[in-house]
């Protein structure tokens with residue numbers, strides 16, 4: 001079952017409307033709808049809050065590791081022709097080319113599987129800033145992989 005379907009099922013089984021869930025999470029009803037129809041995926045801290053509302057483990061909604069690795073899927077989606085060892089080498093070289101702080105943020109997220117909140121607290125920066133850094137790094141990584149294998 002998808003994350004969205006799980007959220008919808010939990011919400012419906014508890015007799016809650018999308019608006020009520022949205023109000024409890026301090027998000028819009030439209031965002032809840034997007035989660036449920038699969039257009040958007042909530043981040044892990046939000047999944048933890050949803051799980052808390054329904055008094056269940058976040059693992060019943062999503063595997064944290066799968067959620068984090070899904071972020072990287074777009075970077076390596078077209079790499080089936082690249083041998084695993086070569087792809088690993090390309091990614092390692094890329095990470096070494098980053099500034100120390102950006103490399104630590106990237107590795108914190110994708111190697112140590114930290115949440116954006118944990119990274120935010122570690123570097124004393126906002127979660128939105130962490131998400132922005134990670135987004136920019138993923139875009140650069142995708143471009144780097146493409147250029148490295150041409």
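Quick note: the coordinates plus some simple rules give every number you see, no bench work behind them. Since the structure is predicted, the reported quantities are computational estimates derived from the model, not experimental observations. Cβ: placed from backbone, ideal geometry, glycine included. Neighbour counts: every protein chain shown.
Between 0 and 90 degrees, the angle of helix 100-110 with respect to the longest Cα principal axis of the chain falls at about 50 degrees. For Cα extents along the principal axes in Å, the value calculated from this model appears in (1) 42, 36, 36; (2) 38, 36, 24; (3) 53, 37, 24 under label (3).
Per DSSP H run of at least 4 residues, take -39500 (n - 2.57); add these up for the chain, divide by its residues and hand me the 222 nm value, nearest 500 deg cm²/dmol.
-22000 deg cm²/dmol
Computed on the Cα trace of the range 64-148, the radius of gyration divided by the Kirkwood hydrodynamic radius gives Rg/Rh = 0.96. GNM on the chain, C-alpha springs below 10 Å: top fluctuator among 100, 71, 48? In the Gaussian network model the winner is 100. Simple spin-label estimate for residue 57 and residue 88 gives 3.0 nm between the two label positions (7 Å along the Cα-to-Cβ direction from each Cα). Helix 44-53 and the longest principal axis of the Cα set of the chain meet at an angle near 20°.
Taking a ≥ b ≥ c as the square roots of the eigenvalues of the alpha carbon gyration tensor, the range 1-58 is rounded, as a/c is under 1.5.
Compared with the dominant Cα axis of the chain, that is its longest principal axis, helix 64-76 is turned about 50°. On the basis of the beta-carbon distance and an R0 of 22 Å, residue 66 and residue 140 show a calculated FRET efficiency of 0.40.
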